[in-house]
1. Students often get this wrong, so check it: of LYS143/LYS164; LYS103/LYS124; LYS143/LYS294, which have C-alpha atoms separated by over 25 Å?
2. Arrange CYS134, CYS82 by Cβ neighbour counts within 10 Å, fewest through most, would you?
3. Nothing charged except the Cβ atoms of Lys and Arg (+1) and of Asp and Glu (-1): what's the magnitude of the dipole of the chain about its Cα centre? Round to the nearest 20 debye.
4. Counting pairs of alpha carbon atoms under 8 Å apart in space and at least six apart in sequence, what relative contact order in percent does region 1-142 give?
5. Starting from a Cα-only point model with no solvent, please compute log10 I(q)/I(0) by Debye for the chain at q = 0.10, 0.11 1/Å.
6. Measuring from label point to label point, each 7 Å out along Cα→Cβ, what is the ILE249 to ALA107 span in nm?
7. Would you report the distance distribution of C-alpha pairs in region 100-192 as whole percents per 5 angstrom bin, up to the bin with the largest distance?
8. Run the quick spin-label model on SER190 and LEU172: label points 7 Å from Cα toward the beta carbon, then report their separation in nm to one decimal.
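Only the coordinates and a few stated rules stand behind these numbers; no lab work does. Note that this is a predicted model, so its numbers are computed, not measured. With ideal geometry, Cβ positions are generated from the backbone for all residues, glycine too; neighbour counts draw on all protein chains shown.
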Amino acid sequence: MELCNKRSVMVVGCDGLIGSSLLKFLASLGYKVLGTTRRSINLQWPRITLDLSDAKHLESWVPPSNLNTAIHCAGITKIDRCAIDPIGSFRVNVENTVRLATKLFEAGIFQVFLSTNHVFDGSKPFRMHVDATCPLNEYGRQKVEAESFFLSLGASASIVRLTKVLTPSDSLLNSWVRSLKDGYPIQPFSNMFMAPVPLSTVLNVLLLIVCSRSSGIFHVSADQDLSYAEVAQEGARAIGVSEKLVTPIHSTDAGLNWRPPENTTLNTEGILATFGVSVPHVQWTISKAFLSPKTLAGRFL
């Protein structure tokens, strides 16, 4: 794609799976990129320190000059961690994210906020972007509150809600592949569902939003929900091992203390109509995750 903006893009939270990949992806296309990290030692450009858990640090922080766009990838995303520490996670996911976003808005910087299907309760599939939010858990509630701020920025911000994003370094799927190939059984949840999308689709949608500065809410989701057990069974078939190695369990048997949503799919008509982007079929994504995980990231890695 032709470089559509010669000014810089800041990736807030460049240490995570999506943030680190996004930084490399944009740099590979010739963008001037800047990533933020909580780390304060042994930093190499283009990374700077920005700690969303430290309000005093944010008070003195000044946005870099010539910054055109900021993409918010940072935050506490573990559902159980948000439940255990609602105050600390709220400070990062809402209070200080909004503080940072306010400074960026005042500097005239367009922003993209990554959100989640957990803003809905999972009672219905293929939620529309205009549907009223109804989160089941603390993580979803925090995302809803942060979303409300970004929506208030109007044309200066965009929200991208994601379902499960599969990356080449997905620790769970990689551990499943190793175990299955070695002949060891795995125990995926039978009552936890995902609508997996490849990392490459997410990166392309974010690039198109950066180029077009499109505001509003966009959904990136697979076309079907599968349980974690069904994903593991599909994966076992893909790599040619016995499905008998997949022994599903219920999440409560593993001590999970929150209720997984029954539906995680989101309606993706928005990215199709606006950008011409369609998400690969769920079976394609799963087979690539098990057989050739680097494919999930596209050609830039």
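1. LYS103/LYS124; LYS143/LYS294
2. CYS134, CYS82
3. Here the size comes out at about 860 debye.
4. Result for region 1-142 is 21 percent.
5. -0.55, -0.67
6. 4.7
7. Result, from short to long distances: 3, 11, 17, 16, 14, 13, 10, 7, 5, 3, 1, 0 percent.
8. 1.8
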